[in-house]
1. So which residues in the stretch 338-357 are assigned to a loop (DSSP other than H, G, I, E, B) and either open to solvent by 20 Å² or more (accessible area, probe 1.4 Å) or hydrophobic (A, V, I, L, M, F, W, C) (or both)?
2. Out of all the residues in the stretch 363-373, is one or more closer than 23 Å to Ser50 by Cα, modelled with pLDDT under 95 and either surrounded by 20 or more Cβ atoms within 10 Å (Cβ to Cβ) or of a type in the set (Val, Ile, Thr) (or both)?
3. Which numbered condition in (1) closer than 29 Å to Leu248 by Cβ; (2) in contact with a Gly (Cβ under 8 Å, 6 or more places away or on another chain); (3) crowded, with 18+ Cβ neighbours inside 10 Å; (4) among the hydrophobic types (A, V, I, L, M, F, W, C) is the only one that Leu86 fails?
4. Among the numbered conditions (1) under 15 Å from the mean Cα position of the chain (by Cα); (2) farther than 30 Å from Arg145 by Cβ, tell me where Ile210 comes up short.
5. Starting from residues that are crowded, with 24+ Cβ neighbours inside 10 Å and in contact with a helix residue (DSSP H, G or I) (Cβ under 6 Å, 6 or more places away or on another chain), keep the ones in the stretch 33-44 and report whichever is farthest from Val360 (Cα to Cα).
6. Exactly one of these conditions fails for Asn171: (1) under 15 Å from Leu217 (Cβ atoms); (2) surrounded by fewer than 20 Cβ atoms within 10 Å (Cβ to Cβ). Give me its number.
7. So, in the stretch 11-20, of the ones that are open to solvent by less than 10 Å² (accessible area, probe 1.4 Å) and in a helix (DSSP H, G or I), which residue ends up nearest to Gly104 (Cα to Cα)?
Amino acid sequence: MTRLPAGVLREASIDVGAITANVRHLRALTDSEIIAVVKADGYGHGAVRSAVAALEGGASRLGVADIGEALALRRAGITAPILAWLHAPGTSFVEAASAGIELGISNVDQLLQAAAAASADRAVGVHLKLETGLARNGVAPEDQRVVFAEAARLERIGKLRVIGLFSHLSNTSAEDDRAALRVFHEGVGIAASAGLAPPLHHIAATHAAIALPEARLGCVRIGIGLYGLSPFADRSSAELGLRPAMTLRAGVAAVRRVPAGHGVSYGYAYRTDRETTLALVPLGYADGVPRQASGAGPVLIGGRRHRVAGRIAMDQFVVDVGDAEVAVGDEAVLFGDPTLGAPAADEWADAAGTINYEIVTRIGPRVGRRQVSA
């Protein structure tokens, strides 16, 4: 029986070799430059380790949501180009510019703030984001001529380097994404008429990078696929040639034999229907295990699959293992690589009524991360 090291309650092991392999696979599949998205602490996997592994696999750039995430990567010694695209109103771009962070720009105010952060010997790199139908940030079509003209002027006088034009797709349907892609191409044409010729165009994340080849544009942003999870409801990681990088597990903290009719956890939402064995797993919603998966989340103990019995609490939940032989310290695996027998993160997502992105990203800080490379 596999066990965690002595004294370890819970951990998420992160297979950086899987991240590297996933990037190599997607780079070959798309024949495109890869921007590896490591926002939100690398979707819960660790931003620095994920970035290093992705660069090892052939990613040429990194993407994050905000400047703080980008600066943390710089402080860790990562020198690859990094793009940050979500900014609070009034954000100063001076520190980001001095660290060589590329800025996603969604309006003229941000454009001017970026130019103000330039120095005599350093232009600020920017990617101009276009609104193509997602109704989030991005330069609206009616504002593009003004913004592009100003960007071209600032580039001519050495304040900015326009490195990319980009947007994001809804993944609603191929037809919706193609419509957004047409809007994007119209914006690219307006930018060209203003004198902008950035080397990068990117609109596809993992979903479109795989399913919509015309959206690749020579550069794609890979987020969920980096970590070996599928963005599709009807296609598994294995079917996409991806390896899940995170395995979440804990050591069984207590085992007790109980009679039929015994209540389990808060509210007695579960009562045993026979004499049975209960195993206590020290993971709860404080660790990111969704309470919505109470009574449904799958758990692998001793090579056998079970379900959460009753409600998931803040720090722990119970599994009814029947007559299986289970001892304190035995490994309980919540999710990992299904090809190795573990439940999939997708199963927890289904049990909780959410998506696999949320399952891995929400794993909390008291769950120690242990780096491995299979």
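The values are calculated or read from the model by the stated rules, or taken from the named source; none is laboratory data. Values in this document were obtained by computation on a predicted structure and should not be read as measured data. Ideal geometry is used to build each Cβ from the backbone, glycine not excepted, and the neighbour counts take in all protein chains shown. Surface accessibility is based on the protein's heavy atoms, side chains included, excluding ligands, DNA and RNA. Shrake-Rupley method; radii C 1.70, N 1.55, O 1.52, S 1.80 Å.
1. Narrowing the stretch 338-357 to residues assigned to a loop (DSSP other than H, G, I, E, B): 341-344, 353-355.
Hits for the stretch 338-357 are Gly341, Ala342, Ala344, Gly353, Thr354, Ile355.
2. Among the residues of the stretch 363-373, at least one is closer than 23 Å to Ser50 by Cα, modelled with pLDDT under 95 and either surrounded by 20 or more Cβ atoms within 10 Å (Cβ to Cβ) or of a type in the set (Val, Ile, Thr) (or both), which makes the answer yes.
3. (3)
4. (1)
5. Ranking the candidates gives Ile34 first.
6. (1)
7. Going through the qualifying residues, I end up with Ile19.
Here's the yes/no breakdown for (1) in contact with a Ser or Thr (Cβ under 7 Å, 6 or more places away or on another chain); (2) open to solvent by 60 Å² or more (accessible area, probe 1.4 Å); (3) on the phi > 0 side of the Ramachandran plot:
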{"residue": "Gly7", "(1), (2), (3)": "no, yes, yes"}
{"residue": "Asn22", "(1), (2), (3)": "no, no, no"}
{"residue": "Asp31", "(1), (2), (3)": "no, yes, yes"}
{"residue": "Gly58", "(1), (2), (3)": "no, no, yes"}
{"residue": "Glu95", "(1), (2), (3)": "no, yes, no"}
